[in-house]
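Everything on this sheet refers to the single structure shown next.
The values are calculated or read from the model by the stated rules, or taken from the named source; none is laboratory data. Worth saying up front: this structure is predicted, and the values here are computed from it rather than measured. Here the Cβ positions follow ideal geometry from the backbone for every residue, glycine too, while neighbour counts run over all protein chains shown.
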């Protein structure tokens, strides 16, 4: 079969994670030298109004800013850069996932876009490699169908062409074999398949198992029938 059974991340993703951790350990100055500063939201006159004091919370700054809120484009870029590095230190992320994280932390859109572009340039963000890694991992650990993997990649913002390239790692034979293995593992030991009621109950349950992994009804029923038949023949 053409697909590798290794479930771990690729060498490229391991290298990227190592580089990210080194940047975090070396501090923001090292990160700045690797990823140039991006454009920010504008001058100090465009800063946000002060937030109201909340019980038990910190006081607003004397100039109308919350303490610690970035005031310049460079400070916004530095905060966004730190967020990206910390996210990548936890594991590979797609550009879309990181974009959402920057938005949650209220990094201005133009600053976020520029930072993400720079991180792609230095290959700390690589959606093609991320998609390939995701397919390998989820196929090995969860035995998901290609349709389920395609849906997950779409949810993570992977472009359709990159998703299809990554899914080429899984052949029809790979998918069929893994689905059969799932049914064999999930079949209750000692089930009396000669009893029609027991057989029907097992069939419905096992078809449901495959359905949750993204297999269509026709494919799932066919695979379950095959496994039940080979189990009876073995008995």
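Regarding segment 184-204, can at least one residue be identified that is in contact (Cβ under 8 Å) with a residue 24 or more places away in the chain and on the phi > 0 side of the Ramachandran plot? No; the residues of segment 184-204 include none that is in contact (Cβ under 8 Å) with a residue 24 or more places away in the chain and on the phi > 0 side of the Ramachandran plot.
If you check residue 142 against the conditions, is it within 16 Å of residue 224 (Cβ to Cβ) and surrounded by fewer than 19 Cβ atoms within 10 Å (Cβ to Cβ)?
For residue 142, the condition - within 16 Å of residue 224 (Cβ to Cβ) and surrounded by fewer than 19 Cβ atoms within 10 Å (Cβ to Cβ) - is not met.
Those residues that are surrounded by fewer than 21 Cβ atoms within 10 Å (Cβ to Cβ) and under 19 Å from residue 158 (Cβ atoms), I need them from segment 94-118; list them, please. Within segment 94-118, 95, 96, 97, 99, 100, 101, 103, 113, 116, 117 meet the criteria. Look at residue 149 and say whether it is at pLDDT 95 or above and within 14 Å of residue 214 (Cα to Cα). It is true that residue 149 is at pLDDT 95 or above and within 14 Å of residue 214 (Cα to Cα). If the condition is being surrounded by fewer than 15 Cβ atoms within 10 Å (Cβ to Cβ), touching a residue at least 12 places away in the same chain (Cβ under 8 Å) and not in a loop (DSSP other than H, G, I, E, B), then segment 166-175 contributes only 173.
Kindly establish whether residue 181 is free of Cβ contacts under 8 Å to residues at least 40 places away in the same chain and part of a helix (DSSP H, G or I). I'd like the intermediate steps shown before the answer.
Numbers: free of Cβ contacts under 8 Å to residues at least 40 places away in the same chain: yes; part of a helix (DSSP H, G or I): yes.
For residue 181, the condition - free of Cβ contacts under 8 Å to residues at least 40 places away in the same chain and part of a helix (DSSP H, G or I) - is met.
The C-beta contact set for segment 84-97 (first residue in the same structural domain as residue 158 (by TED's automatic domain parsing), second residue part of a loop (DSSP other than H, G, I, E, B) and surrounded by fewer than 20 Cβ atoms within 10 Å (Cβ to Cβ), distance under 8 angstrom, 6+ apart or interchain) is empty.
Take residue 157 and decide whether it is surrounded by fewer than 18 Cβ atoms within 10 Å (Cβ to Cβ), part of a loop (DSSP other than H, G, I, E, B) and not assigned by TED's automatic domain parsing to the domain that holds residue 220. For residue 157, the condition - surrounded by fewer than 18 Cβ atoms within 10 Å (Cβ to Cβ), part of a loop (DSSP other than H, G, I, E, B) and not assigned by TED's automatic domain parsing to the domain that holds residue 220 - is met.
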